[in-house]
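To keep things clear, I will list the structure first and then write my remarks on it.
Laboratory data are not the source of any read-out in this text; all were calculated from the coordinates shown. Predicted model, so just to flag it, every value in this text is computed and none were measured.
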Amino acid sequence: MAASEGSATRRDSITIAIGTPLDEADRALVLAALEYCGGVRKRAAAMLGISPKTLYNRLVAYRDRADKT
């Protein structure tokens, strides 16, 4: 998507610092892919090389962890 195609811009890369715990890096990558795909879980899952069900399970786990804090 070119900047001229709409007001929204997509990030096509993220930065994860060395030493970031794997679960945090995984969460950042999953959420960035979901954002990049405009919230289309099936596309984000394909981009990540995981099934849509696995993506759904990770999103539920992220939500559950956020609810506990």
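Determine the gain in length on full extension of the stretch L31-M47; use 0.36 nm per residue of separation and subtract their C-alpha separation, reporting nm with one decimal.
Taking 0.36 nm per residue and subtracting the Cα distance, the gain is 4.6 nm.
Could you work out the mean projected area of the convex hull around the alpha carbons of the chain, in square nanometres to one decimal?
5.7
Relative to the longest principal axis of the C-alpha atoms of the chain, give the angle of the C-alpha long axis of helix 22-36, reported between 0 and 90° and rounded to the nearest 10°.
30
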